[in-house]
Amino acid sequence: MIKFALAGNPNCGKTTLFNTLTGSTAHVGNWPGVTVDKREGLYKKLAEKVQIVDLPGIYSLSPYTPEEVISRNFILDEKPECVINVVDATNLERNLYLTTQILEIDVPVIVALNMMDAVKANGDKIVIEELQKVLGVPVVGISALKREGTDELMQKAFELAQTKRNGTTILENTIVGPIIAKVKEALPQDLGSKLFHAIKLIEGDELEVKAHPEADKIATELKAQQPDDGFDGDYEAVVADRRYDYISVNFKKAIVKANKQGMTKSDKIDKVMTHRIWSIPLFLVIMFAVFHFVFSEDLLFMNAIFGLEIKSETAVNFFTGMGYEGEPLGGIPSLGVFLQSWMGFVFDQLGELFGLFMSTDTWYGALIIDGIIGGVGAVASFIPQILLLFLFISIMEDSGYMARVAFIMDRAFRKFGLSGKAFIPMLMGFGCSVPAMMAARTLEDTCERDRTIRLATCFSCGAKAPIWAMLAVVVGGFFGDIFVFTIYLLGIVIAIVSALIMKLFGKNHDVPPFIMELPAYHAPQFKNLMAHLWEKLKHYVVKAATIIAASTVVIWFLSNFGWAFWNGMVEIENSILADIGRGLSYIFYPLGWAMGADGWKYTVATLTGLIAKEDVVSTCELLGLASGAIGLSTAGIYAFAAYNLFTLPCMAAVATAKGESTKKGFWVTLAWWFASSYVISLIIYWVLELYSVAVWAGILVTLVLVAAIVASGIVLSRRIKKYSKE
Amino acid sequence: MQWYEILIAVIAAAIVALPIILHFVNKKKGKHSCGCGCDCGCTECSSCEKCKHESDK
């Protein structure tokens, strides 16, 4: 089968083009680094099926990052029939730097000028014929997002794939030219893409030097004979300089810029969104607004501020999913709460429907109605609410705002010795910890990679969201949204504090530079948003029907039968689960939520969360804790939430962490997850309890904790400065 | 025990066994069922590639 590779800079729209061509729904993020590995799909519109390979975004073919190595090895070793070099037409000059390197490989190349619609909207013009003449390869203008020009691109690429092409370089007429010719001669006869290898040898590329030591000797000798031209013998810099020179001189004619004065729309928005002082408060306001629209029971605080009450029975039933209990409703619930109420009602009705045919006094009635429908329904009822949350997160992502969040956070994180590059995988953790941990492989430093994996759980994933939604109902009133907001905020704060601690006790104090392009703001694409939501919905439904349903049956059995299970059902307090839970609850006793008569139930719920985090909710429901029956104090609720947020993630995420970390790093990570969640939960419980006893004592302890964190920050900042000087 | 009780017991056992069976089937196919988006079953996307790699180990 013919194979085409999509190669280009990060965030130039390769994955969007890949999805357009193959009909896939691969995750597209409006920030660089979403694709960390190659992915494949089929294009079927041509005479022959074509395999499309989406390569990770790269700035060069030097082996500095794993993505660069993946892309480079793929083009050189797998020898695709054609390389489609995707170029962001709005950033042509910078993107062409990579193009000049791809052209040096013996492979047919076609340049796809993506985002031509944005170029037109800016009033700019690109003379494609001129560009073609300078590059010496076909160029096609496309808009992957609007599916414009993609068929023409594929047709031309298909024709090109039938031909052979030898690498060409723009460095021929520079001081490097003569050296290239001689180094090429020194390379083995049967080696393909000699031109590329020769140039990389001249640049001092580590992989090439290792592979061709003889040719490297010649390259070193020849370089030593050249006069110094201001780069102090650094030929990597010489080559880069010549490339940029060539690009700026030769491609001027191809770009006709509109005579626009002043700032672009994106620049104007960024003046506010990435403001030195206001950006973080603004981010917090946006996040709070999201949680308010998803979790609040008093939309726009209409009850809290204006005392709005809904007294009509019909209206209360409408807003609460037939939940009228003879009392007026305080304010209008948010869309998320509204959807959750109705979904809960549907599952209640389903339970009642089954109740017509069987009684919950029989084991099978209890299993079906209380166990499966109750347990799975408890999780499923939160699905619309969680999807709404993800819709808002997807809007932030797709519009380009999340990329700004990484930029804003880099500024804050840098002070604590963490690079913004590490923050991107963490941001992905809001969706799922698994891709977040996988994205950590973009970090060159293994130490930083292990730390990032360790911190990925601080960012509440989609599976944990039903836990917060369940607890938000318990917290109740218009505090539900504030509760969820503070949990997410706590995650970010703990991630910073953890990074600080790890840096403080770690050996490496270097903060790698973080370079990220901020994409222009654009209206989120409906299709993209729906694709994200569909993926999430599919995932939830599959999980509810398999892992959650299975664990629900097991938990139901363990909570309804004693050790002598053949004697029939027993009271929950005498069940196998109660015995196991009581035994283990002593470990969690100091954390507050494991105390009391129901302590063992929370212990068991936490443990089942290790299978899948949604199991915490289904277990609570099965053990009679959900639906407002959670008997914890506010301190207990926060401590329980904190433990579940920071502890070991689900099995899938633990397996990923094992695969992505170093061996030692993985065991440290496991210990870190358990210890940090335990300590944080402990501190939260006792500090909040202290507030309820004596506010002054609570404030005092809080101040001591904050002072300890600030002092650690100062010590670390000094160490970083000292390290930088050295 | 009535016939329907036996049937329900068998279905319940199947529900418990299903994810375990699926785990091994998916492992063979290179599929994964976490939230990483690779439960598409294509075995071609980056996540599936990774999971395939994991199951090969």
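The values are calculated or read from the model by the stated rules, or taken from the named source; none is laboratory data. Given the structure is predicted, the values throughout are model-derived calculations rather than measurements. When we count neighbours, we look across all protein chains shown, and the Cβ atoms used for this are built from the backbone with ideal geometry, even at glycine.
If you go through the range A:119-177 and pick out every residue that is under 18 Å from A:Ile52 (Cβ atoms), of a type outside the set (A, V, I, L, M, F, W, C) and assigned to a loop (DSSP other than H, G, I, E, B), you end up with 4.
Applying the condition of being at pLDDT 85 or above and within 13 Å of chain B (Cβ to nearest Cβ) to the range A:50-60 and asking which residue is surrounded by the most Cβ atoms within 10 Å (Cβ to Cβ) yields A:Asp54. Report yes if A:Ala112 is buried (at least 24 other Cβ atoms within 10 Å of the Cβ) and either within 17 Å of A:Phe158 (Cα to Cα) or acidic (Asp, Glu) (or both), otherwise no. For A:Ala112, the condition - buried (at least 24 other Cβ atoms within 10 Å of the Cβ) and either within 17 Å of A:Phe158 (Cα to Cα) or acidic (Asp, Glu) (or both) - is met.
State whether the residues of the range A:221-232 include one that is among the charged types (D, E, K, R), assigned to a helix (DSSP H, G or I) and modelled with pLDDT under 85. Within the range A:221-232, one or more residues are among the charged types (D, E, K, R), assigned to a helix (DSSP H, G or I) and modelled with pLDDT under 85. Residue check: A:His197 meets all listed conditions (1) assigned to a loop (DSSP other than H, G, I, E, B); (2) closer than 13 Å to A:Leu103 by Cα but one, namely (1).
Here is a list: A:Ser381, A:Ser419. Which entry is away from chain B (no Cβ under 12 Å), among the polar types (S, T, N, Q), surrounded by 24 or more Cβ atoms within 10 Å (Cβ to Cβ) and at negative phi? Even if it seems obvious, please write down each step before you answer.
Values: A:Ser419 fails: surrounded by 24 or more Cβ atoms within 10 Å (Cβ to Cβ).
Of the residues listed, the single one that is away from chain B (no Cβ under 12 Å), among the polar types (S, T, N, Q), surrounded by 24 or more Cβ atoms within 10 Å (Cβ to Cβ) and at negative phi is A:Ser381.
Note on the range B:24-47: among residues that are facing chain A (nearest Cβ under 9 Å) and within 12 Å of the chain's Cα centre (by Cα), the one that is modelled with the highest pLDDT is B:His32. Checking A:Leu6, A:Leu96, A:Leu113, A:Leu42 one by one, the residue that is outside any strand (DSSP E or B), of a type outside the set (Ser, Thr, Tyr) and modelled with pLDDT of 85 or more is A:Leu96 and no other. Among the conditions (1) more than 14 Å from chain B (Cβ to nearest Cβ); (2) at pLDDT 80 or above; (3) in contact with a Gly (Cβ under 7 Å, 6 or more places away or on another chain), the only one that A:Ile424 does not satisfy is (2). Any chance the range A:386-400 includes a residue that's crowded, with 24+ Cβ neighbours inside 10 Å and free of Cβ contacts under 8 Å to residues at least 24 places away in the same chain? No, the range A:386-400 contains no residue that is crowded, with 24+ Cβ neighbours inside 10 Å and free of Cβ contacts under 8 Å to residues at least 24 places away in the same chain.
Condition check: outside any loop (DSSP other than H, G, I, E, B), surrounded by fewer than 19 Cβ atoms within 10 Å (Cβ to Cβ) and more than 38 Å from the chain's Cα centre (by Cα). Does A:Ala181 satisfy that? Don't jump to the end; show me each part of the working.
Working: outside any loop (DSSP other than H, G, I, E, B): yes; surrounded by fewer than 19 Cβ atoms within 10 Å (Cβ to Cβ): yes; more than 38 Å from the chain's Cα centre (by Cα): yes.
Yes: the conditions hold for A:Ala181.
Pairing residues of the range A:260-272 that are surrounded by 11 or more Cβ atoms within 10 Å (Cβ to Cβ) with residues that are at pLDDT below 90 and hydrophobic (A, V, I, L, M, F, W, C), at Cβ distances under 6 Å and at least 6 apart in sequence or on separate chains, gives A:Ser266/A:Ala520.
Taking the range A:341-366 only, how many residues are within 12 Å of chain B (Cβ to nearest Cβ), assigned to a helix (DSSP H, G or I) and either within 17 Å of A:Ala544 (Cβ to Cβ) or hydroxyl-bearing (Ser, Thr, Tyr) (or both)?
As a first pass, look at the range A:341-366 and keep what is within 12 Å of chain B (Cβ to nearest Cβ): A:354, A:357-358, A:362-366.
Pick out the ones that are also assigned to a helix (DSSP H, G or I) and you get A:354, A:363-366.
Right, trim to either within 17 Å of A:Ala544 (Cβ to Cβ) or hydroxyl-bearing (Ser, Thr, Tyr) (or both) and you get A:364.
Count: 1.
The lone criterion from (1) assigned to a loop (DSSP other than H, G, I, E, B); (2) farther than 24 Å from A:Arg242 by Cα; (3) not β-branched (Val, Ile, Thr) left unmet by A:Asp77 is number (1). For A:Pro435, the test of being touching a Cys at 6+ places or on another chain (Cβ under 6 Å), farther than 30 Å from A:Val715 by Cα and buried (at least 21 other Cβ atoms within 10 Å of the Cβ) is passed. Residue count for the range A:614-667 satisfying the condition of being among the hydroxyl-bearing types (Ser, Thr, Tyr) and within 14 Å of chain B (Cβ to nearest Cβ): 3.
Residues in the range A:454-476 that are in a helix (DSSP H, G or I) and within 14 Å of chain B (Cβ to nearest Cβ): 4 in all.
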